[in-house]
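Reading through the structure tokens given below for one structure.
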Amino acid sequence: MIEGHSLSKPALFRALGYRPHPGQMLVHRSQARIRVLACGVRWGKSVCAAMESVAFLMEPCEESKGWVVAPTYDLSQRVFDRVHMCLVERLKHRIELADERELRLVVRNLSGGTSELRAKSADNKVSLLGEGLEWLVVDEAAKLPRTVWENHLTARLVDKKGRALLLSTPAGANWFEGLYRRGQAGRDPEVESWQSPSWSNPLLDRETIEAERRRLPQDAFDQEYGAMFIGGSDPPCDVCGWPLAQYLTGIILTGSTKPVDCCTGCGGWIDKNGRTIVPQDKHGRRGYMKALMFVGHEGGLLTIEDCNQAARKKEEADQAARAQAETAEGGKRAASGKDWRASGDTGRDA
Ligand SMILES: Nc1ncnc2c1ncn2[C@@H]1O[C@H](COP(=O)(O)OP(=O)(O)OP(=O)(O)O)[C@@H](O)[C@H]1O
Ligand SMILES: [Mg+2]
């Protein structure tokens, strides 16, 4: 679980029995100081929030403090309970204090330092005062008032340059959307953001989602399952010229498997002249695009989903190869007596 003085998340997640789906993997892997994830219901936000909290807790350091925040105690407690359960099941020997009434956990991290987690509710603003934090995880962030993020939570991160992960199903054109936009296409190097519909969770039954699509008004479905920001409209982009003056279908054909170029201003797809090729949807937002790629005579047509699937398979193969290399490296270290686990710790993490 440890490489030099830093944490290996893949190794930690393996030890916890957690297999992130590809969308969760992107979030866990990002090094951005502020990560913003807009995704559909049942996507796996709370699982992702809990596992990232465990990773923060295990990170080697002398001392660290972090919070899990949600709009209500009930919601933050769900993430807290998941973290607690995971530690009890897999890393029990590291728990130094678990106060379920105060929603406070203290653990011995991977370098023997002390890390603390507290779960907080945004509806109790007084409880959000006070300490400087190394990390912060906010579940259902879009449901928090702007003032809670801007006046209370960001202030907790200032002195220690703490990291934040905000996850939420969108809730219209509010501050959360603004932060999401900041994370797009290099606008702010400190922020990285993703948008991912519910059906990106491969464990979610596609038929259930389709039944919801039939049951719900289109806007409600687009927001709750499609993770779209409804209401307001996307700002024009002065780099690529979005929105397009004329109507365009949401399909492009490319002659190669090279990724489509993206605008440095808004992140939308652009043509070879750097002009936008993204259509506007009926809400005045950026519409969905689908790329169809020709891959030679025998390959026929590949959709972008096919390409993503191929990329995922490659990613899994790479991950397995890295895991194998890590295990071999760990074996070598243990054999030479330099492994930290071989000198003191009981090795119960593995
Ligand atoms: N990587 C994973 N491995 C196994 N199960 C997962 C994974 N990610 C999510 N799940 C499962 O998917 C379901 C939804 O996960 P979760 O509750 O985290 O989603 P959510 O986005 O927080 O949902 P909600 O919108 O209801 O708050 C749960 O049953 C959870 O256990
Ligand atoms: Mg949740």
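Of all residues in segment 131-177, how many are in contact with a helix residue (DSSP H, G or I) (Cβ under 9 Å, 6 or more places away or on another chain), in a loop (DSSP other than H, G, I, E, B) and in contact (Cβ under 8 Å) with a residue 24 or more places away in the chain?
Within segment 131-177, residues that are in contact with a helix residue (DSSP H, G or I) (Cβ under 9 Å, 6 or more places away or on another chain), in a loop (DSSP other than H, G, I, E, B) and in contact (Cβ under 8 Å) with a residue 24 or more places away in the chain number 12.
Residue check: is residue 64 away from ligand 1 (no atom under 11 Å from the Cβ) and assigned to a strand (DSSP E or B)?
Working: away from ligand 1 (no atom under 11 Å from the Cβ): yes; assigned to a strand (DSSP E or B): yes.
It is true that residue 64 is away from ligand 1 (no atom under 11 Å from the Cβ) and assigned to a strand (DSSP E or B).
Pairs please, first residue from segment 40-58 and under 27 Å from residue 113 (Cβ atoms) and assigned by TED's automatic domain parsing to the domain that holds residue 202, second anywhere and outside any helix (DSSP H, G or I) and within 8 Å of ligand 1 (Cβ to nearest atom), Cβ atoms under 6 Å, 6+ apart in sequence or on different chains.
Pairs found: 46/139; 49/139; 49/167; 51/18.
Can you tell me which residues in segment 202-233 are farther than 18 Å from residue 168 by Cα, in a helix (DSSP H, G or I) and among the charged types (D, E, K, R)?
Those that are farther than 18 Å from residue 168 by Cα, in a helix (DSSP H, G or I) and among the charged types (D, E, K, R): 206, 207, 210, 212, 213, 214, 215.
Residue 24: within 16 Å of ligand 2 (Cβ to nearest atom) and either out of contact with any Lys or Arg (no Cβ under 8 Å at 6 or more places or on another chain) or outside any loop (DSSP other than H, G, I, E, B) (or both), yes or no?
When the stated conditions are applied, residue 24 passes them.
If you go through segment 82-94 one residue at a time, do you hit one that is within 11 Å of ligand 1 (Cβ to nearest atom), of a type in the set (A, V, I, L, M, F, W, C), surrounded by 19 or more Cβ atoms within 10 Å (Cβ to Cβ) and not in a strand (DSSP E or B)? Let's see the steps before the verdict.
Residues of segment 82-94 within 11 Å of ligand 1 (Cβ to nearest atom): 82.
From what is left, the residues that are of a type in the set (A, V, I, L, M, F, W, C) are none.
No: segment 82-94 contains no residue that is within 11 Å of ligand 1 (Cβ to nearest atom), of a type in the set (A, V, I, L, M, F, W, C), surrounded by 19 or more Cβ atoms within 10 Å (Cβ to Cβ) and not in a strand (DSSP E or B).
Hey, can you tell me all the residues within segment 167-224 that are among the polar types (S, T, N, Q) and either more than 16 Å from ligand 2 (Cβ to nearest atom) or in contact with a strand residue (DSSP E or B) (Cβ under 6 Å, 6 or more places away or on another chain) (or both)?
Initially, segment 167-224 is screened for residues among the polar types (S, T, N, Q), giving 168-169, 174, 184, 193, 195-196, 198, 200-201, 208, 218, 223.
Those that are among the polar types (S, T, N, Q) and either more than 16 Å from ligand 2 (Cβ to nearest atom) or in contact with a strand residue (DSSP E or B) (Cβ under 6 Å, 6 or more places away or on another chain) (or both): 174, 184, 193, 195, 196, 208, 218.
Considering segment 186-214 alone, what residues qualify as being of a type in the set (Lys, Arg) and either under 23 Å from residue 285 (Cβ atoms) or not assigned by TED's automatic domain parsing to the domain that holds residue 37 (or both)? Spell out how you get there, then give the answer.
Within segment 186-214, the first condition is being of a type in the set (Lys, Arg), and the residues that meet it are 187, 206, 213-214.
Listed by number, the residues that qualify are 187, 213, 214.
Show the residue pairs that are 6+ apart or on different chains and have beta-carbon atoms under 6 Å apart, the first residue being within segment 73-84 and under 15 Å from residue 165 (Cβ atoms), the second being away from ligand 2 (no atom under 11 Å from the Cβ) and in a helix (DSSP H, G or I).
83/53; 83/54
Take residue 97 and tell me if it is part of a strand (DSSP E or B) and away from ligand 2 (no atom under 16 Å from the Cβ).
Details: part of a strand (DSSP E or B): yes; away from ligand 2 (no atom under 16 Å from the Cβ): yes.
Yes, satisfied.
Does segment 17-35 contain at least one residue that is over 20 Å from residue 316 (Cα atoms), under 14 Å from the mean Cα position of the chain (by Cα) and either within 15 Å of ligand 1 (Cβ to nearest atom) or surrounded by 19 or more Cβ atoms within 10 Å (Cβ to Cβ) (or both)?
Checked against the condition, which is being over 20 Å from residue 316 (Cα atoms), under 14 Å from the mean Cα position of the chain (by Cα) and either within 15 Å of ligand 1 (Cβ to nearest atom) or surrounded by 19 or more Cβ atoms within 10 Å (Cβ to Cβ) (or both), segment 17-35 yields at least one hit.
The values are calculated or read from the model by the stated rules, or taken from the named source; none is laboratory data. Everything numeric in this text was worked out from a predicted model, so none of it was measured. Positions of Cβ are backbone-derived with ideal geometry, glycine not excepted, and every protein chain shown enters the neighbour counts.
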